1. So if each residue of separation counts as 0.36 nm, and I subtract the Cα-Cα distance between Arg144 and Arg65, what length gain in nm does that give?
2. Mind listing the long-range amide H neighbours of Leu188? Cut-off is under 5 Å, sequence gap 5 or more, other chains count too, H placed in the peptide plane at 1.01 Å from N.
3. Sequence gap at least 6, Cα distance under 8 Å: using those rules, report the relative contact order of region 125-265 to the nearest whole percent.
4. Residue farthest toward the positive end of the dipole of region 125-265, with Cβ of Lys/Arg at +1 and Asp/Glu at -1: which of Ala136, Ala236, Val225?
5. In the chain, what cysteines have no partner Cβ closer than 4.7 Å?
6. For Ala157, put the label point 7 Å out on the Cα→Cβ axis and report which residues of region 168-194 keep their amide N under 17 Å from it.
7. Among Gly61, Thr19, Leu97, whose Cα lies farthest out toward the positive end of the dipole of the chain, if unit charges sit on the beta carbon of Lys, Arg (+1) and Asp, Glu (-1)?
8. With axes computed from alpha carbons, what is the tilt in degrees of helix 214-226 against the longest principal axis of the chain, rounded to the nearest 10 within 0 to 90?
Amino acid sequence: MRLRVDLAYDGTAFHGWATQPGLRTVQGEVERALAVALRRREPDGTLIRVPVVCAGRTDTGVHARGQVLHVDTTADELAASAGRSPEPPLDALTRRLAGILPDDVVVRRVNEAADGFDARFSATWRRYVYRVADRAAAVDPLARQHVLAWARPLDLASLRAASEPLVGLHDFAAFCKQREGATTVRTLLDLAWARRPDGVLEATVRADAFCHSMVRALVGCLLAVGEGRRPAAWSAQVLAGATRSPEVAVAPAHGLTLEEVGYPDAAELAARAEQTRARRAPLGEEHR
């Protein structure tokens, strides 16, 4: 059986999501906790790694409120892990994980996944929010690990104007770290700026998928426009360059949070996963 796990974490003390030898990562903590909770051990007591797949790998220092992952188990293993608990096995697993995981990782819920569910490939979109405090009255020292304090005032109208040409289907090579054999074509569904009542600016960025460091590069480009160093048309010029621009400063990681992942109805999960696995064609060719 496949389980869907919804979790949140403070990325401050992590070297990103993905497991790396000798470094503390979210995936490493989650897989270790699952191994303990599901009682997966070698005869000598050594923990057996429990592989998980997440909806989107977050970089070092990036946070998540709405991360989703899947893990495969069996009904027998799940029941055995609950021991003599009177709770349903999924509730018992959620409680056990809460007692094993560190304070900066929280499992919100564990459910049996629908047939065909894949946390990564079944997703239709990911929504991130980048938060910036650009005025002294909006800077909160208690939120300093999650909101970027910006020394210069930002113009909301300019931020919005520069964001408009970036929305849609584009090759975002200018805003991505290239990986061999990987496409940089993405559909940016939303890129909207708003100022909260407390003065903090929020950029909501939603896309079918993101390249490595794409959101932070987009925000970095737009901050240059918002503070008046670049004209609103500059973002479109950077996009049209189709190569990583050294003039675009990547925004700091701590202002970024993965808020939500969207999935289709249960009957469409498997088809969506197959569609996503198909490599995106270059612009000018058919897209799936």
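1. Values: separation 79, 0.36 × 79 = 28.44 nm, distance 1.69 nm.
Using 0.36 nm per residue and subtracting the Cα-Cα distance, I get 26.8 nm.
2. For Leu188, the qualifying residues are Gly168, Leu169, His170.
3. Working: 282 pairs, mean separation 53.2, N = 141.
Relative CO of region 125-265 lands at 38 percent.
4. The residue sitting most towards the positive pole is Ala136.
5. Lacking a cysteine Cβ partner under 4.7 Å: Cys54, Cys221.
6. 193-194
7. About the Cα centre, the residue reaching furthest to the positive side is Gly61.
8. Value to nearest ten degrees: 30.
Readers should treat all values here as calculations from the given coordinates under stated rules, not as data from a laboratory. For clarity, every value in this text was computed on a predicted model and none was experimentally measured. Cβ sites come from the backbone with ideal geometry, for glycine too, and all protein chains shown count toward neighbours.
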